[in-house]
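These notes concern the structure reproduced below.
The values are calculated or read from the model by the stated rules, or taken from the named source; none is laboratory data. Note that the structure is a prediction, hence the values are computed from the model and not measured. Glycine gets a Cβ as well: all are built from the backbone with ideal geometry, and neighbour counts include every protein chain shown.
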Amino acid sequence: MMKKYLIVIADYYKDISRGLLKSANDSIPRYNKVKIIYVPGVFEIPITISKNIKKYDGFLALGCVIKGQTPHFYFISQSTTDAIMKLAVDHKKPIGNGIITCLNMKQAIARKKKGREAAQAVLSVLSQS
């Protein structure tokens, strides 16, 4: 049965984002409808999903946060994760969290195929009866 998916992707780190998107998109069966919305950073992902929550069956949140010299990394990572989980539970819709949090660019490059895991999680939840 065809499902509608929304992928919201933060493209601050364009190369990493492209890898996350490709690995996620490759995991969604072709007969489904997929829309992609780009946002500047991961902090904008939850509000974008919230604005579209009634239009789609499942969602993917993709992006990358790399730790810098300040605590900003922790605040952005935690608040975004909490908001995504709250949206999923409150609306009873799966949101695959493919936002990778890394200590450096080397880790991010090594994990840029993690979009696949987020997509597979959403597919798994939607297949439950």
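For the reader, a short list of remarks on this structure follows.
- Cys64 fulfils the conditions (1) touching a Cys at 6+ places or on another chain (Cβ under 7 Å); (2) over 12 Å from Ile99 (Cβ atoms); (3) not basic (Lys, Arg) except for a single criterion, (2).
- A single entry from Tyr38, Tyr5, Tyr31 fulfils the requirement of being assigned to a loop (DSSP other than H, G, I, E, B) and of a type outside the set (Gly, Ala, Ser): Tyr31.
- The residues of region 95-110 that are within 16 Å of Thr81 (Cβ to Cβ), buried (at least 21 other Cβ atoms within 10 Å of the Cβ) and not β-branched (Val, Ile, Thr), listed by number, are Gly96, Asn97, Gly98.
- Total residues in region 95-124, condition over 22 Å from Phe73 (Cα atoms) and over 15 Å from the mean Cα position of the chain (by Cα): 1
- Residue list for region 58-70, filter: part of a loop (DSSP other than H, G, I, E, B) and either polar (S, T, N, Q) or touching a residue at least 40 places away in the same chain (Cβ under 8 Å) (or both): Gln69, Thr70
- Gln78 fulfils the conditions (1) under 24 Å from Ser124 (Cα atoms); (2) modelled with pLDDT of 95 or more except for a single criterion, (1).
- Qualifying residue in region 71-81 (condition: part of a loop (DSSP other than H, G, I, E, B), at negative phi and not basic (Lys, Arg)): yes
- Ala24 being of a type in the set (Gly, Ala, Ser), assigned to a strand (DSSP E or B), in contact with a helix residue (DSSP H, G or I) (Cβ under 8 Å, 6 or more places away or on another chain) and buried (at least 21 other Cβ atoms within 10 Å of the Cβ): no
- Hits in region 82-108 - residues which are more than 22 Å from Arg18 (Cα to Cα) and part of a helix (DSSP H, G or I): Asp82, Ala83, Met85, Lys86, Leu87, Ala88, Val89, Asp90, His91
- The set of residues in region 68-85 that are exposed (fewer than 13 other Cβ atoms within 10 Å of the Cβ) and under 21 Å from Ile49 (Cβ atoms) comprises Phe75, Gln78, Asp82.
- Only one entry of Lys55, Lys113 meets the criterion of being part of a loop (DSSP other than H, G, I, E, B), touching a residue at least 24 places away in the same chain (Cβ under 8 Å) and surrounded by 13 or more Cβ atoms within 10 Å (Cβ to Cβ), and that entry is Lys113.
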